[in-house]
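What follows is a set of notes on a single structure, which appears directly below.
The values are calculated or read from the model by the stated rules, or taken from the named source; none is laboratory data. Since the model is a prediction, treat every value here as computed from it, not as a measurement. Note: ideal-geometry Cβ built from the backbone for every residue, glycine included; neighbour counts use all protein chains shown.
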Amino acid sequence: MKRVLVCEDEAVIRDFVVINLKRAGYDVVDVDCGEAAIRMFDNERGNFDVVLLDVMMPGIDGFTVCKRLRERSSSIGIIMLTAKSQEMDKVNGLMIGADDYITKPFAPSELTARVDAIYRRVCMSVTRVKRESTLESGPFVLNLTSHTMTKRGKQIELTQVEYEILEYFLRNKNTALDRSSILSHIWGDDYYGDDKIVDVNIRRLRMKIEEEPSSPRYIRTIWGYGYKWEEK
């Protein structure tokens, strides 16, 4: 069963999300605060495919919940619910491990499309079968079975989105990839958002794998186009 955890303190919005996701075939569990979301996640032993988190909530805010859930699971899909004026909230959420964001107010079609896209990505990461066991480049080894990466033997903690971006890069070494191709490959052709989500995830990846993120050796920017994994 497709399971979604919804954490939203405004009852009207929460009911709207729950009703529409149930109509789309999801098993939905809803809570009204961050503390309850963490308790529910732990009580259910992380048995959710996607989590929707409101950013602004009393008590523990959505950022804190996102960070704690990401510490518990690298594969679960996390979508932040943000207000239209909270542009920095979108970037901050992506930087701490969210996979996507939806700006309020949103239509039922956008809600279900975004959740569907994240759910498909989560399922593909679990069921996809690969002939190779690893991809290697310089000091990096990407393990395609355990979905982990090491650099000179030391493991680097990755979210599922970060892992998939790195896999895409390592399968296309020294090839310039435009933002739209990265976006469609990772988030799907029917993704509603903009390509800013690519830039934020690249920034986060550089902080994890580069010796000097401000002067990257591996993930190089192709100005006005996109990015390239440069094999040394």
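Can you tell me which of 70, 39 is in the same structural domain as residue 100 (by TED's automatic domain parsing) and free of Cβ contacts under 8 Å to residues at least 24 places away in the same chain?
Matching residue, one of 70, 39: 39.
Here's a check for you: in segment 213-232, which residue that is in a loop (DSSP other than H, G, I, E, B) and among the basic types (Lys, Arg) is farthest from residue 196 (Cα to Cα)?
Keep residues of segment 213-232 that are in a loop (DSSP other than H, G, I, E, B), which gives 213-218, 223-225, 230-232.
Okay, now just the ones that are also among the basic types (Lys, Arg), so 217, 232.
On the way: 217: 22, 232: 27 Å.
Only one residue fits best here, namely 232.
Which residue is farthest from residue 80 (Cα to Cα), if the candidates are limited to segment 1-59 and must be charged (D, E, K, R) and in a strand (DSSP E or B)?
In this case the residue turns out to be 27.
Only one residue in 183, 205 is farther than 18 Å from residue 114 by Cβ and either within 13 Å of the chain's Cα centre (by Cα) or polar (S, T, N, Q) (or both), so which one is that? Quick ask: steps written out before the conclusion?
Working: 183 fails: farther than 18 Å from residue 114 by Cβ.
Exactly one of 183, 205 is farther than 18 Å from residue 114 by Cβ and either within 13 Å of the chain's Cα centre (by Cα) or polar (S, T, N, Q) (or both), namely 205.
Which is charged (D, E, K, R), on the phi < 0 side of the Ramachandran plot and within 12 Å of the chain's Cα centre (by Cα), of 99, 61, 27, 89?
99
Just one of the numbered conditions (1) modelled with pLDDT of 95 or more; (2) within 19 Å of residue 136 (Cα to Cα) is not true of residue 171; which one?
Of (1) modelled with pLDDT of 95 or more; (2) within 19 Å of residue 136 (Cα to Cα), only one is false for residue 171: (1).
Would you mention how many residues in segment 148-176 are crowded, with 19+ Cβ neighbours inside 10 Å and either of a type in the set (Gly, Ala, Ser) or assigned to a loop (DSSP other than H, G, I, E, B) (or both)?
Looking only at that region, the number is 2.
Anything in segment 188-226 that is within 24 Å of residue 122 (Cα to Cα) and aromatic (Phe, Trp, Tyr)? List them, or say none.
191, 192
Yes or no, residue by residue, for (1) in contact with a Gly (Cβ under 8 Å, 6 or more places away or on another chain); (2) modelled with pLDDT of 95 or more; (3) surrounded by fewer than 19 Cβ atoms within 10 Å (Cβ to Cβ); (4) of a type in the set (Ser, Thr, Tyr):
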residue	(1), (2), (3), (4)
129	no, no, yes, no
132	no, no, yes, no
182	yes, no, no, no
186	no, no, no, no
199	no, no, yes, no
231	yes, no, yes, no
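Matching residues to (1) among the small types (Gly, Ala, Ser); (2) within 24 Å of residue 66 (Cα to Cα):
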{"residue": "136", "(1), (2)": "no, no"}
{"residue": "141", "(1), (2)": "no, no"}
{"residue": "156", "(1), (2)": "no, yes"}
{"residue": "166", "(1), (2)": "no, yes"}
{"residue": "181", "(1), (2)": "yes, no"}
{"residue": "200", "(1), (2)": "no, yes"}
{"residue": "206", "(1), (2)": "no, yes"}
{"residue": "221", "(1), (2)": "no, no"}
{"residue": "231", "(1), (2)": "no, no"}
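Any residue in segment 36-48 that is over 17 Å from residue 73 (Cβ atoms) and of a type in the set (A, V, I, L, M)?
Kept after step one, since they are over 17 Å from residue 73 (Cβ atoms), are these residues of segment 36-48: 36.
So of that shortlist, the ones also of a type in the set (A, V, I, L, M) come out as 36.
Within segment 36-48 (the criterion being over 17 Å from residue 73 (Cβ atoms) and of a type in the set (A, V, I, L, M)), the answer is yes, since at least one residue qualifies.
Have a look at 17, 51 and point out the one that is outside the structural domain of residue 192 (by TED's automatic domain parsing), β-branched (Val, Ile, Thr), surrounded by 21 or more Cβ atoms within 10 Å (Cβ to Cβ) and farther than 27 Å from residue 199 by Cα.
17
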